[in-house]
Amino acid sequence: MKTYIRIISFVKPYWKHLAVSIICTILYAVLNGLSVYLTIPLLDTLFQEAPQQEVVNQPSSISTAKNLLPDWIVNIEKDVVDTFNHFVFSGDKIDALLKICVLVIVAFFLKNVFGYLQAYFLSYVEQGTMKDLRDKAYSHLHELPMGYFKQERVGNLISRIVNDVNVVQNSISAAFLNLIREPLTILVFIGIALSISWQLTLLAFVVLPFSMGIIAWIGLKLRKHSTEIQAKMADITSIIQETISGVKIVKAFGMEEYENKKFVRETRNFFRMMLRIVRIRNASSPITEFLSVIVGAVIIYYGGVLVLQHHTLKASEFLGFLFAIFQLMPPIKELSTVNNRIQESSAAGDRIFEIIDTKPAIEDSKDAVEVNEFNKTISFEQIGFHYEDSDELVLKDINFEVKKGQIIALVGPSGGGKSTLVDLIPRFYDPTEGRILIDGLDSKNIKINNLRALMGIVTQETFLFNESIKNNIAYGLGNYPMEKIIEAAKAANAHNFIMEMTNGYESVIGERGLKLSGGQRQRISIARAILKNPPVMIFDEATSALDNESEQLVQEAIERMMINRTTFVIAHRLSTIRNASRILVLDRGSIIQAGTHDELILDLNGLYRKFYEMQFRD
Ligand code: ADP
């Protein structure tokens, strides 16, 4: 229920639309009752042989209810009925018939107009709320810690924002339509039924306890299953997403059949689960209806006896009563599904709120300051780090200082902690021990946006957005002058191949940059970094996945970028390493050697020497 209330709280900004919708709902329910009530005089007019005057003088419909209702209500009702009868039956029978027919038309017309308005305004509220919920979950994605994206499958996150939000939608109309309209309609018709015959009405209510028990039981079952269903849907989305992202690997390893089987297994599970839900959900209506019919038959029998034997009820009233009772059934049935829908959507809501409630691991501290330049040093003091999911230290006791303009090359065996170390600089992760000082200021006390604005990052896994090349290069920089973009592309050795494309800088990159070669993508992302022109650059194995020719071009671009910048580079190429002001050799999380190439190469037993000989023997 807490989840549900929280979902409903998202409706707040739309309260005006909601209010209009609720007013229309109330008018709809009242007019709905009126249109049924009108059948009684209609039947009287059509079938009654007695003169109409009698009807006016004997509003017998009220007499039976008198002992149940307070006087003032009875009086008002009497006045209304009298006025109504006077209006309708003041002329002859045909005249009365015409008036009633016109009234019926008007009542139904208004009822439907209000029904329409109510539905429109409610949909407005629903769609608006969904939009807000989706926006909120999406914008929260940007705040989640990096580790979160490693733990959660991407498809699972997508599914929550897409599919679960859809499920939640159902429950909003449940709260504001069904929980208002149906009870109101029920009240109106019970009122009508009571005013006709309270004995018959009581009898009719034998059905309620039955339905209620069954409804509660079904709701419980459904909630349990629908959580499973949404989780399964997320699994399926994940498989699709993984297949699309890894399409090359799937094909290369001939795993289509395997992936298909995996997918079919999941969809089959989903199908079975869905059937289970469908069995329960669909049983709810027929069961309620069948119970209602049993009671209906009893009523017809008892009412028939009142009309035929005891003459305490007019035939037209009895028919009016039956109409009212039958009008009661749809809202009762509808109400019986409301609980199910609320249960289902609470389950989906839980899955969405789980994203929204995940705390950003890295936030601006309260006294974070603005820093817009980097002037002197970056120092690592006593840095230790382990990832959230294990206690094993990935970095231990890291101490070094970098002066502005220096190039720091990180080398060492894979898994040594190089990427982790450079990820700490822009605070993708925070060190578990120690601190990083930028110009003497703890990086935790610098506004994150400022800190990251000081840095450019080029990684092995370049990501380009499905937009024009121009926009990819000027990512995050808004409407940037074209000459600057071209200048950056030239510096990144990207201008030539961009100009060869039909649309030049306006060419739109296909998903994940599939239309470009690895080296071309890499050069675009370097152009992006050059344009941003940050004082600090981080290169993470930027050239390791490229062939020789592209590597040459990318390397040139990288070297151009390093000029006048403070650079951290996870290095593969001898030229980079040789140019470095300092080389740090990382092994199992510790810096085991540090110095220039010329210094380190002298230590014949050092890891650097071995590494050098392995990689650059030729
Ligand atoms: P390198 O860049 O030198 O190859 P990494 O910094 O990538 O090394 O990895 C260092 C260690 O941290 C490895 O043992 C790796 O398994 C572990 N590691 C890397 N990323 C994560 C992560 N997101 N969660 C848990 N462990 C990680």
Notebook entry, point to check: Leaving out same-chain residues fewer than 8 places away, which aspartates and glutamates sit with a Cα under 13 Å from that of Lys376?
Noted result: Glu401, Asp439
Check: Which whole-Hz ³J(HN,Hα) couplings does the range 134-142 yield from phi under the Karplus relation 6.51 cos²θ - 1.76 cosθ + 1.60, θ = phi - 60°, glycine and proline marked x?
Finding: 5, 4, 5, 4, 5, 5, 5, 3, 5
Checklist line | Solvent-accessible area per residue for the chain (1.4 angstrom probe, square angstrom) | finding: 52 Å²
Next item on the list: Enumerate the amide H contacts of Asp587 below 5 Å, restricted to partners 5 or more residues apart or on another chain; note that Pro and chain-start residues carry no placed amide H.
Entry: Ile592
Check: Over 30 Å between Cα atoms, which of Lys444/Lys490; Lys444/Lys532; Lys136/Lys403 qualify?
Finding: Lys444/Lys490; Lys136/Lys403
Next item on the list: Just report the Cα centroid separation between the range 216-256 and the range 137-203, whole Å.
Entry: 23 Å
Checklist line | Neighbour cut-off at most 11 other Cβ (10 Å), DSSP loop, GluC sites (Glu not before Pro), the range 369-451 | finding: Glu370, Glu373, Glu392
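With an 8 Å cut-off on Cα pairs and a minimum separation of 6 or more residues, tell me the relative contact order of the range 545-616 in percent. Intermediate results must be reported in sequence, preceding the final value.
Working: 47 pairs, mean separation 11.9, N = 72.
Once normalised by length, the contact order is 17 percent.
Give me the orientation-averaged projected area of the Cα convex hull of the range 2-356, in nm², one decimal.
Average of the hull's projected areas for the range 2-356 equals 22.7 nm².
Among DSSP beta bridges whose residues both lie in the chain, state the antiparallel percentage, nearest 5. Don't skip to the answer; put the middle values down first.
On the way: 19 of 38 bridges.
Taking every DSSP beta bridge within the chain, about 50 percent pair in antiparallel fashion.
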Check: Near Lys99, which lysines are there with a Cα under 26 Å away, not counting those fewer than 8 places off in the same chain?
Finding: Lys78, Lys111, Lys314
Note to self: Explain nothing, just compute: Karplus ³J(HN,Hα) = 6.51 cos²θ - 1.76 cosθ + 1.60, θ = phi - 60°, for every residue of the range 494-506 in order, whole Hz, x for Gly and Pro.
What the structure shows: 10, 4, 4, 6, 5, 5, 6, 6, 4, 9, x, 6, 8
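Hey, got the dipole for the chain? About the Cα centre, +1 on K and R Cβ, -1 on D and E Cβ, debye to the nearest 20?
On the way: 64 positive and 67 negative charges, 105 e Å.
The calculation lands at about 500 debye.
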Next item on the list: Please list the non-local residues whose amide H lies under 5 Å from the amide H of His386, H modeled 1.01 Å from N, same-chain partners needing a gap of 5 or more.
Entry: Val394, Thr432
Margin query: If the reach is capped at under 22 angstrom between alpha carbons, list the lysines near Lys262, excluding any in the same chain fewer than eight residues apart.
Written below: Lys150, Lys232, Lys248, Lys251
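Please state the relative contact order of the chain as a whole percent: Cα pairs under 8 Å, 6+ residues apart?
Normalised by residue count, the contact order of the chain is 14 percent.
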Checklist line | Sulfur and carbon atoms: percent of accessible area, the chain [1.4 Å] | finding: 59 percent
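The values are calculated or read from the model by the stated rules, or taken from the named source; none is laboratory data. Given the structure is predicted, the values throughout are model-derived calculations rather than measurements. FYI the Cβ positions are ideal-geometry reconstructions off the backbone, even for glycines, and counts take in every protein chain you see. Accessible surface areas use protein heavy atoms only, side chains included; no ligands, DNA or RNA. Shrake-Rupley method; radii C 1.70, N 1.55, O 1.52, S 1.80 Å.
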